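Only one structure is covered here, and it is reproduced in the block below.
Since every read-out is calculated from the coordinates, none of them should be taken as a lab result. All values reported here derive from a predicted model rather than from experimental measurement. Neighbour counts run over all protein chains shown; Cβ positions are idealised from the backbone, glycine included.
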Amino acid sequence: MSGEKILIVDDDRTTVSVMQLYLENFGFVVTGIACSGAQAIEKTKTLVPDLILMDVNLGAGLDGIDTAEIIIKNFHIPVIYVTSHNDEKTLGRAQLTNPYGFINKPLRESDLKTTVRFALDKNKKHPAKKDTPLLEDVLHQVYNLTPAESRVVSRLLDDPDVEAAAEALHISISTIRTHLKHIYRKTNTNRQTSLFHKIVTGPVAMMMRNSDT
């Protein structure tokens, strides 16, 4: 018996029943079931599961990807997406949240067991640093950048190519350029080189370093 606690987030009762049966047969504890994004966030807060199985499509309200982003950012709990969506746009959005895996519907018992076990083992070896702020959070705190603007900066720091950033973030090049205009104004810079220099040598870098000490 492994005993790790797993929260299931899915609005399809049949899928939930099958998933719960499989997980309990594997020795895991299904600590809770949520059928909406709001319920998932609340149950995560109160139950503190070891892992969350998140359906991508939750119907009305927050979808699974938006819900996972909030949970990962605030509670640092690993998420596996359970999905029947294979389109590039949906998968691209999901990948940006750094999930611990994907399981396709209809569920296969072997896939569920392998993916869940891998995610739990990975999180034990490399747990999220709960005290280290995300770069995007610090950019908001220091320069009042919006989440979208912060994601643009974070992406461009990895690769300054605007076209590649637009493709990776699934937005248009013109949207990237519009974000950059706002970013330059808020950071009092006028080009990527001066923006990057300010970030890696200024208060953002200092706050990131201090959080690691």
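Descriptive notes on the structure:
- The dipole here belongs to the chain: it is taken about the Cα centre, uses +1 on the Cβ of Lys and Arg and -1 on the Cβ of Asp and Glu, and is about 640 debye.
- Between 0 and 90°, nearest 10: helix 192-201 axis offset from the chain longest Cα axis: 70
- Alpha-carbon Rg/Rh ratio, for the range 5-125, with Rh computed the Kirkwood way: 0.91
- Computed on the range 135-211, the Cα convex hull volume stands at 79 Å³ per residue.
- Alpha-carbon geometry of the chain: the Rg and the Dmax are 19.1, 59 Å, given in that order.
- Likely footprinting exposure, 206, 54, 19, fewest C-beta neighbours within 10 Å first: 206, 19, 54
- Remark on residue 30: its backbone amide H falls under 5 Å from those of 6, a criterion applied only to residues 5 or more positions apart or on other chains, H modelled at 1.01 Å from N.
- Antiparallel DSSP beta bridges within the chain, as percent of all bridges there, nearest 5: 0
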